[in-house]
Amino acid sequence: MLNQYLDIKPEVAEALAAGKPVVALESTIISHGMPYPQNVETALRVEQTVRENGAVPATIAIIGGRLKAGLTPEEIEYFGKKGTEITKASRRDLAVLVSKGEDGATTVTTTMMIAYMAGIRIFATGGIGGVHRGAETTMDISADLQELANTPVMVVCAGAKAILDLKLTLEYLETQGVPVIGYGTKELPAFYSRHSGLSVDYRLDTPEEVAKAFRVQNELGLKGGMLVTNPIPEEYAMDDTVINQAIEEALKEMNQLGIHGKEATPFLLAKVKDLTGGDSLDSNIRLVLNNAKVASQIAASYCAG
Ligand code: PSU
Ligand code: MN
């Protein structure tokens, strides 16, 4: 399956060859999801958390037209510093960026694709893209959902945030046949907050149960991924009213400015951070670390099985 455009970091390749747990991490969260320098600090802490939980981290990105599974700390610093100057790369961007030898920050979609090429099956991030509010007229539905339908990589996230239409996002995932698992909860977590008022398909309580379900899915020959939604720890969760108010305001400003397409998610994240005086960024960092921990535990169990 090795791809001529793919570079697997030696440490990652060795772990994969030895059947040791590896966890993929995305780079759009670094370049577009958080400001510098917190983005770089967080990316390095996330890698450290993966290591502390017995797995090898593989941060994924496109550098000079090469698909990278595993970055050096210098490369992470480069992505963090360049930030939104780097192209946010979804599935539709991959061929042109690689053909031109350019850089690209991988979203959930392209991180899943490159992880799969490299032989990595478990991926941790913050939140996934989904069906945007107003999608019935804008048709703005993240390519992440389609990728989850097609690529057999598990994505461990804190749900999807309320900048999206969470109900429609669940409907879309259902249509596409993507299992949505609540980790220790029956309620879909809403990223900054633990509550959405919506139900996931299944509640599973241990890394072993999740790893087993994913193994069986692969053994059944089912083609898609699995979405594991892991609620932000209670002590770092934001007040529902505060966060929802900030989201409403950010959405209003986005619509007034006519921002749409791939700029929508980065704009909303930055705006919500400003409106909450940085509190949403703290929550964001905490939930990513928590997802990295759980994903590493699941990866360990997946490899042991
Ligand atoms: N959600 C976050 N932080 C992020 C993203 C989503 O909390 O950084 C990024 C991810 O890379 C995700 C992408 O795949 O935004 C979705 O963008 P879009 O809505 O344009 O598909
Ligand atoms: Mn979109």
Checklist line | Point-charge dipole on Cβ atoms (K/R +1, D/E -1) for segment 197-303, about Cα centre, debye to 20 | finding: 520 debye
Next item on the list: With the cut-off at 15 Å, report for segment 116-162 the share of all Cα pairs above it, as a whole percent.
Entry: 52 percent
Notebook entry, point to check: From the Cα gyration tensor of segment 1-81, with a ≥ b ≥ c the square roots of its eigenvalues, which class applies: rounded if a/c is under 1.5, or else prolate if a/b is larger than b/c, or else oblate?
Noted result: oblate
Note to self: Could you work out the pair-distance distribution P(r) of segment 187-272 from its alpha-carbon pairs, with 5 angstrom bin width and percents rounded to whole numbers?
What the structure shows: 3, 12, 16, 15, 16, 14, 11, 9, 4, 1
Check: Relative contact order for segment 1-121: what is it in percent, counting Cα pairs under 8 Å that are at least 6 residues apart?
Finding: 35 percent
Note to self: Excluding same-chain pairs closer than 8 in sequence, count the lysine pairs in segment 34-181 whose Cα atoms lie under 25 Å apart.
What the structure shows: 8
Next item on the list: Over every pair of different alpha-carbon atoms in the chain, take the mean of 1/r and invert it; report that Kirkwood radius in Å.
Entry: 18.9 Å
Notebook entry, point to check: Over the chain, what is the percentage of antiparallel beta bridges among all DSSP beta bridges, to the nearest 5?
Noted result: 30 percent
Next item on the list: Could you list Val180, Val56 in order of exposure, starting from the residue whose Cβ has the fewest other Cβ atoms within 10 Å?
Entry: Val180, Val56
Check: By counting other Cβ atoms within 10 Å of each Cβ, how are Lys293, Lys161, Lys20 ranked from fewest to most?
Finding: Lys20, Lys293, Lys161
Next item on the list: Write down Rg/Rh for segment 118-275, rounded to two decimals, with Rg from the C-alpha atoms and Rh from the Kirkwood relation over Cα pairs.
Entry: 0.98
Checklist line | Total charge dipole magnitude, the chain, about the Cα centre, Cβ charges on Lys, Arg, Asp, Glu only, Debye to nearest 20 | finding: 620 debye
Notebook entry, point to check: Roughly how many debye, to the nearest 20, is the charge dipole of segment 1-142 about its Cα centre, given +1 on each Lys and Arg Cβ, -1 on each Asp and Glu Cβ, and no other charges?
Noted result: 240 debye
Item checked: For segment 13-165, the spread of Cα positions along each principal axis, largest first, Å -> 48, 31, 29
Check: Plugging the Kirkwood radius over Cα pairs into Stokes-Einstein for segment 228-305, at a temperature of 25 °C and a viscosity of 0.890 mPa s, what D comes out in µm²/s?
Finding: 172 µm²/s
Notebook entry, point to check: Which value in deg cm²/dmol, rounded to the nearest 500, describes the helix-derived mean residue ellipticity at 222 nm for the chain, given -39,500 (n - 2.57) per DSSP H run of n ≥ 4 and division by the residue count?
Noted result: -14500 deg cm²/dmol
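Quick check on segment 165-221: what are the equivalent-ellipsoid semi-axes from the Cα gyration tensor, as sqrt(5λ), descending, whole Å?
21, 16, 7
None of the figures in this text is laboratory data; all of them are computed from the coordinates on show. These numbers were taken from a predicted model, which means no experiment stands behind them. For neighbour counting, all protein chains shown are included, and Cβ atoms are generated from backbone atoms with ideal geometry for every residue, glycine included.
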